[in-house]
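Some notes on the structure that comes next.
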Protein chains: 2
Amino acid sequence: MPETSLLKKIGIVGGVSWLSTVEYYRIICELSHRNQVDRIPKGPPAVPEMAIESLNINKSFNLRGELGNADSWRDFDGYFRNALERLQNSGAELAIIASNTPHNRFDSITKGIDIPVINIFDVVAQECARLGFKKALILGTAPTMTSPVFPSILAANGITPLLPKSDKDSAAILQLIEKLQADEETVGADIMRTVALASLTRDSIPESIVCLSCTELPLAFPKFLDEPTFKVQGIWYLNTTLVHAKAAFEYAAYR
Amino acid sequence: MPETSLLKKIGIVGGVSWLSTVEYYRIICELSHRNQVDRIPKGPPAVPEMAIESLNINKSFNLRGELGNADSWRDFDGYFRNALERLQNSGAELAIIASNTPHNRFDSITKGIDIPVINIFDVVAQECARLGFKKALILGTAPTMTSPVFPSILAANGITPLLPKSDKDSAAILQLIEKLQADEETVGADIMRTVALASLTRDSIPESIVCLSCTELPLAFPKFLDEPTFKVQGIWYLNTTLVHAKAAFEYAAYR
């Protein structure tokens, strides 16, 4: 088990949106409390040092490019890369980007960054495979539901990627994300269930998992915010925020 | 009214404790939502860019020095000063320290820092004076309840500073802070009322305010987390977290 002093400094690119940044920060601090509480000689439980660069979500939203046009994403990529550089300069020993969407541009964003950046798509695909699921339904923002990046990472881990069946279903998910980002009450769980039932065949439901691949979507299941995976009315869901934050804490504590 | 792009970047030294850092961040983001929501041409409401340096509270606790011995605080002061330097290097245009305790060492901590650092004791004392209170009871950590710094800032603003009457009352407040930092349920509101009634004369209650001068203490009043000042069973309280975070947002938006 690591000493207090061996917790690495974690860098977080956040603010997209701020609600999921709070979740990441809360999860890492609470994991650390449980991990450190019995080994502290004096004072409150240790929490790893963290540097957070919280971006302006209005700016990152308006910098989004077009699908299939890499050049059009240059400013978006630079906005995130510069934040990672600032975290690195502040002494972060590993970093995460607290949002799924920028991971569609992961290779370009992390170009030239020297510290490890833990990729949410990688750790989520690995978790789906570890748990024995065969198919994963991707619910997220427009870039995440249209880019080939996450589907190909799932496929590389032996998981068949699925997307919402209809444009109407995709639109319902985008609208839900907007409401969650505005911190408005919603019936998000029902909307996601409807989309999942339309996208999965009845036979495949037990071997499928719905990836909540926008870090706000887990907020629609307030009872399960501390469960990496959970089952509601027969359907399995995966909280990408929690799986990602946990991977970052474990790296900080044990690697 | 300012343009989106004119929101200054806010630096926050946090993690002491992480629960109040979440409060600061939430308050600034929600103030920005309300401020920006009607002026956004496209996309989610703008939130100012922020850099947060979240420290290890176990380390800062164990670096605390002794009352009246400035030399003994050198490492504590340096731990916070270095965090402010990193925020400055990350482009923060103003900074706050999201905790009352380090403000007892404010002059030494901010030595050589070029960006404005908004002092919680200053803005709280000014708010007490603006609201017409004559006396303020200081409840906080051991350094805050023993150092002369906050009492002298209150006095300079025309407010008579008061402290808990007995060592037993001070000890009850310290124990309450420990529980709030561990995120444990408490009867904090009752404890503070008892201490306040012991410390204030009956006649002075209407012209007195209890300063919740540890950024966790407001968490004991979950119903009032969005009220800078509030009255419970005849006693006025001031949420120092909210007053301080609001001052930072207003500086970022309007100065």
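Structure data summary
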item: Most mobile of A:Ser152, A:Ser17, A:Ser99 in a GNM of chain A (Cα contacts under 10 Å); result: A:Ser152
item: Sequence-distant lysines (8 or more away, or on other chains) whose Cα lies within less than 30 Å of A:Lys59; result: A:Lys9, A:Lys111, A:Lys168, A:Lys179, A:Lys246, B:Lys8, B:Lys9, B:Lys42, B:Lys246
item: Phi to ³J(HN,Hα) by Karplus 6.51 cos²θ - 1.76 cosθ + 1.60 over region A:210-216, Hz, x for Gly, Pro; result: 8, 7, 7, 8, 9, 5, 8
item: Degrees separating the helix B:188-199 axis from the principal Cα axis of chain B, which is the longest one; result: 50 degrees
item: Whole-number percent relative contact order across region A:16-71, with pairs defined as alpha carbons under 8 Å at least 6 apart; result: 36 percent
item: Distant alpha-carbon pairs in the protein assembly as shown (separation over 44 angstrom), percent; result: 18 percent
item: Binned Cα-Cα distances of region B:111-255, short to long, each 10 Å bin given as a whole percent; result: 11, 43, 35, 9, 1
item: Innermost chain B residue relative to the axis carrying B onto A, by Cβ distance in angstrom; result: B:Ile52, 2
item: Other copies of B:Glu227: label-to-label distances in nm, shortest first, labels 7 Å along the beta-carbon direction; result: 3.6
item: Fraction of antiparallel bridges per DSSP, chain B only, in percent to nearest 5; result: 15 percent
item: Relative contact order %, region B:29-188, counting alpha carbon pairs below 8 Å whose residues are six or more apart; result: 14 percent
item: Coordinate range along principal axes, alpha carbons of region B:51-147, Å, largest first; result: 40, 32, 21
item: Two-decimal ratio, region A:107-176, of alpha-carbon radius of gyration to 2.2 N^0.38 Å; result: 1.23
item: A:Ala51 long-range amide H proximity, modeled H, under 5 Å; result: A:Ile10, A:Gly11, A:Ile12, B:Ser54
item: Distances in nm from A:Glu184 to the matching label points in the other copies, shortest first (labels 7 Å along Cα to Cβ); result: 4.1
item: Per residue convex hull volume, Cα atoms of region A:148-189, in Å³; result: 101 Å³
item: Counting all C-alpha pairs of region B:1-103, share separated by more than 16 Å (%); result: 61 percent
item: Using a 7 Å Cα-to-Cβ projection, B:Gly68 label spacings across copies, nm, ascending; result: 7.7
item: Computed P(r) (all Cα pairs; region A:30-90; 10 Å bins; percent); result: 18, 29, 22, 18, 10, 2
item: Directionally averaged projected area (convex hull, Cα atoms, chain B), nm²; result: 13.9 nm²
item: Long-range HN-HN contacts of B:Ala136 with modeled amide H, under 5 Å; result: B:Thr160, B:Leu162, B:Ile209
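Where a number appears in this text, it was derived from the coordinates with a stated rule and is not lab data. Being a predicted model, the structure only gives us computed values, none of them experimental. Backbone-built Cβ (ideal geometry, glycine too); neighbour counts: all protein chains shown.
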